[in-house]
Structures are given as structure tokens and as C-alpha cells.
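The values are calculated or read from the model by the stated rules, or taken from the named source; none is laboratory data. In this text the structure is predicted, and so the values were computed from the model without any measurement. Ligands, DNA and RNA are excluded from the accessible area calculation, which covers all protein heavy atoms including side chains. Shrake-Rupley method; radii C 1.70, N 1.55, O 1.52, S 1.80 Å.
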Amino acid sequence: TGEPEYRELQGWLRDVANPKSQRIPLEGIFGVLRQNATAAILGWKVTVSLVQAGSITQTAYEIGSNWTANGIKEFWSDRKGAIEFVYSKSPIMKHRSERFDREIKDWLKSREADKLIKGKKGYAESLYSMIRGVDFLTTMPSWLGAYNKHFAKTQNVEQSARYADGVVRRTQPTGAIENLASVMRGNAFQKL
């Protein structure tokens, strides 16, 4: 597609293969500032969860409001069956919560998080449970709606699952390294 895209792909591949490759002086200080800002901005914040829930409109824009409503209806009419179905077709969706957000994951590994949650069983999970829960409640219907739309056209299970994974990746992004722009994959100062 051209030289600029090729250059971007090289950086993306390097950062996915070794996300800790870019080191600068004061890396640790910038990392601590970023991690603490993340905890203050994302943890237990209703507004962040509302924004996350609002991202369902991005799904409606991409696949249509009827298919989005279809996914919502299917998910809420049989949550257990819908979850089992999605997880059986999409390893990406099954493991999404483990890869949810780079900022959250980095903060949970920090010394500050260790000090804060030491001896408090389940505290780390509860700190970001609201945003993770809202993400789950928006991505599952998004995936189902996209899958149903593609399956209605193709009757192909594998293609429909890949299509649904792509729709979720584009409309309900995580902080997984492969989904980030190069400025967000850089050193701690860039991320801050």
C-alpha cells in the first residue's frame, strides 16, 4: 500500500514482538505517573463506564441498528447460551477480559498496586470491574449482531466469526498492543 504504511507496520511488529523495547531516561518515573493516572481516571468511574456503554453506537454505525438490536435481544434473552456460543466460536472474545486494557494491566503489575491491594483479596479485580463489566455487556451483543449479519449473507460459520471479531475490534477496542497507534506503543513518556 505504500512506504508510510510499510514503515508503520515495521514499528507495530517490533512493538508487538517486544513491547518493552523502547527505553528512555526517567522511564520509571513516567511509568509510575501514567499508572497512577490510570487508576485515578479509570477505576470505579461511572463516567468511564457510560462512555464504554455508549460505544454500542459505533457497532450500530458499522453493522446497522437492526443487527445491533438483534444482537442485544439475542444476548439478553439467553445470556448463558449466548456466552457459550460466542466463546465456542471466538477465542478472541473468550480471552478478551484477560487482554482488556494495557493501562489497567500495567497498573495492576506496579509496586503501587501491590501496596494498595496487599492483603485485600479480589481488590485488584474489583477496581476495574465496572468498566470490564460494561465492556462485556457491549461487546457480546456487538459480536452476536455482527455474526448474525454476516451469517445471514454467507451461511459460513468461520467467516462470520472472523467478521464479528473484526467488528468488535474496530468498534469496541481494547488496549491490546496490536490495536494501539504507534504513539501509544512507545516508551512511558509517550504513553503518559
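Descriptive notes on the structure:
- Matching residues, the stretch 113-164, being open to solvent by less than 70 Å² (accessible area, probe 1.4 Å), at pLDDT 95 or above and in a loop (DSSP other than H, G, I, E, B): ASN156
- Elements of type helices (runs of 4 or more DSSP H) in the stretch 1-73, at least 1 residues being modelled with pLDDT of 75 or more and more than 30 Å from PRO141 (Cα to Cα): 3-17
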